[in-house]
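Inspection log for the structure reproduced underneath, given as structure tokens.
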Amino acid sequence: MPEPLLHLEESRSFNRDVLAYIQHAAETGLYEIRGLGAKRALPTFDDLVFLTASASRYPLEGYRETCATRTVLGARRARQPVELDIPITIAGMSFGALSANAKEAIGRAATDMGTSTTTGDGGMTEEERQASKWLVYQCLPSRYGFNPDDLRRADAIEIVIGQGAKPGGGGMLLGQKISPRVAAMRTLPEGIDQRSACRHPDWTGPDDLTIKINELRELTDWRVPIYVKMGATRVRDDVKLAVKAGADVVIIDGMQGGTAATQQVFIEHAGIPTLAALPLAVEALEDMGVADEVQLVISGGIRTGADVAKALALGADAVAIGQAVLMALGCNSPTWFDHGAAIDATPDYHALQTAPGYCHHCHTGRCPVGVTTQSPELELRLDPDHGARRLRNYLQVLTMELTTLARACGKSNVHHLEREDLVALTIEAAAMARVPLAGTNWIPGKPSL
Ligand code: SF4
């Protein structure tokens, strides 16, 4: 008997992904929790291109003309601002979410490249303090691991109001990652799922934020800068309130930003894309007349030197990277290394019902490459030396790509990149980035030039 001919027409509304979601919800009564960032298609920096030099602009020669990358954050009030060699910083990722080896590797690579790294929800580890020349200490709603002595050992303080992956929501650390050391640092029981608070316990509005910033300044004798980090939602208002409260540096984390674990509904459906958030933040600083005093750091899905260059051209002073750091350390790689020998990690991905290239299972604590785990066995899969070397290489590539584009635009300093250097390939990107659509002088929403 010949097989009957199938006439398959998949519903666009109730496609296989939606079916799987509904059936999983129906079977388990549970929502999905996962790590990393948004997977849906969003407008990105890829939708912009540079108008590099030609007859009307002179490019700089890469082999004999320098292009400065030095970046100073927090000079507004702090006695010791953060002085970095590159405008690429490492975003906050907690010990607990990440292994101690991963934190150490990040600290070493950041120090070698002259940039900063950041603690995370769960406090400061001795490994990362020792490894990091510039260490930013986060003050989060949960206050897990928060310690005034560590605060005074930091080079900057970052008050986290929200994150791009889950603006308005708190993080999660599932019980399998609450090892004895993580439990001790967070004063939590071992092995029990933990949900971080989404609101700071000691303030209910912007006026309280002013008080908190002043407290932190007094605690650190006005030595270090105070950053305020927010997920990208009502960016213009939020930036203005943070600056009014006294922030030296504002960090805006777009919806492509990553997390170790949260509800998928947050990751995919809350916040606005990084590309849309950045111009709003710049406009807020310009409205207040503080664009030269308060630095803006943008994060959320920054991957390449081109992304960094475009972020700077749109008005950011620096970027922060998180997920890309994990990937440089080996996240989603098919192999891990044992004394230089490549070991196949594919079976471990399969045990998580995923595969290299598709993994978002940081929440499980069973990271096949040792980056986001507290398992003593799995953690050994990331050698801090090896991880630091890989991350350093990656940061070098980002910096070289950034300066390559800046020189091609005729700039001797990456901070001289400007919006006028960019055009957009789509109407959406043109409207969000406030740059003309390529081949036109049209910026949607603005009168023609
Ligand atoms: S490989 Fe590890 S770090 Fe990467 S997504 Fe999977 S669990 Fe997370």
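By DSSP, the beta bridges lying fully in region 143-272 are antiparallel in about 20 percent of cases.
Give me log10 I(q)/I(0) at q = 0.20, 0.22 Å⁻¹ for region 201-325, Debye formula, one equal scatterer per alpha-carbon, no solvent. Taking Cα atoms of region 201-325 as identical point scatterers yields -1.16, -1.28. The slack between ARG77 and LEU5, meaning 0.36 nm per residue of separation minus the straight C-alpha distance, is 18.6 nm. Which distance in nm do the two modelled labels at GLN353 and GLU401 give, with both placed 7 Å along the Cα-to-Cβ direction? According to this spin-label approximation, the distance is 3.4 nm. Short-range pairs are left out: with C-alpha atoms under 8 Å and at least six residues apart, the relative contact order of region 303-449 is 24 percent.
When the helix-only estimate is applied to the chain (DSSP H runs of n ≥ 4, each -39,500 (n - 2.57), divided by the residue count), what is the mean residue ellipticity at 222 nm, nearest 500 deg cm²/dmol? Mean residue ellipticity, 222 nm, calculated: -9500 deg cm²/dmol.
Its residue count N fixes a reference of 2.2 N^0.38 Å for region 1-109, and the Cα radius of gyration divided by that reference is 1.97. Here HIS339 and MET288 are evaluated by their C-beta separation; at R0 = 56 Å the FRET efficiency comes out at 0.55. For each pair in LYS39/LYS310; LYS103/LYS411; LYS103/LYS229; LYS39/LYS229, compute the distance between the two Cα atoms and list the pairs where it is over 25 Å. With Cα atoms farther than 25 Å apart: LYS103/LYS411. The fraction of all Cα pairs in region 292-433 landing in successive 5 Å bins from 0 to the largest distance is 2, 9, 15, 17, 14, 12, 10, 9, 8, 3, 0, given as whole percents. Of all chymotrypsin sites (Phe, Trp or Tyr not before Pro) in region 272-371, which ones are in loop regions per DSSP and have a Cβ with at most 13 other Cβ atoms within 10 Å? Passing sites in region 272-371 are TYR358.
Counting only DSSP beta bridges with both residues in region 43-148, the antiparallel share comes to about 40 percent.
In this rough spin-label picture, where each label sits 7 Å from Cα along the Cβ direction, the GLU65-ARG153 distance is 4.6 nm.
The residues LYS166, LYS240, when put in order of fewest to most other Cβ atoms within 10 Å, stand as LYS240, LYS166.
Would any residue of region 287-316 have its amide N under 16 Å from a label point 7 Å out along Cα→Cβ of ALA438? List them or say none. From region 287-316, the list is 306-307, 310. Among VAL371, VAL290, VAL435, the largest mean-square fluctuation in a Gaussian network model of the chain, built with springs joining Cα atoms closer than 10 Å, belongs to VAL290. Dipole magnitude for the chain: computed about the Cα centre from +1 point charges on Lys and Arg Cβ and -1 point charges on Asp and Glu Cβ, it is near 480 debye. A crude spin-label estimate for the pair ARG12 and ARG195, with each label 7 Å from Cα along the Cβ direction, gives 3.7 nm. Loop-located trypsin sites (Lys or Arg not before Pro) in region 30-75 (DSSP state not H, G, I, E or B) with no more than 11 neighbouring Cβ atoms inside 10 Å: ARG40, ARG64. Here the gap between ASP202 and THR187, fully extended at 0.36 nm per residue and compared with their Cα-Cα distance, gives a gain of 3.5 nm. Residues ILE192, ILE251, arranged from fewest to most other Cβ atoms within 10 angstrom of their Cβ, appear as ILE192, ILE251.
Calculated FRET efficiency, LYS244 to TRP222, Cβ-Cβ distance, R0 = 25 Å: about 0.85 to the nearest 0.05.
Here the chain is treated as a Stokes sphere of Kirkwood radius computed over C-alpha pairs; at 25 °C and 0.890 mPa s its diffusion coefficient rounds to 108 µm²/s. Taking Cα centre as origin and charging only the Cβ of basic (Lys, Arg, +1) and acidic (Asp, Glu, -1) residues, the dipole magnitude of region 190-327 rounds to 300 debye. Averaged over residues, the count of other Cβ atoms within 10 Å places the peptides 440-447, 297-304, 23-30, 152-159 in the sequence 297-304, 152-159, 440-447, 23-30, highest first. Each of THR262, ALA309, GLN295 was scored by the projection of its Cα onto the charge dipole of region 254-309, and the greatest displacement toward the positive side belongs to THR262; charges sit on the C-beta of Lys, Arg, Asp and Glu.
Annotation: extensible slack from ARG234 through HIS269 equals 11.1 nm (criterion: 0.36 nm per residue apart, minus Cα-Cα distance).
Quick note: the coordinates plus some simple rules give every number you see, no bench work behind them. Since the model is a prediction, treat every value here as computed from it, not as a measurement. Here the Cβ is made from the backbone with ideal geometry for all residues, glycine too, and neighbour counts use every protein chain on show.
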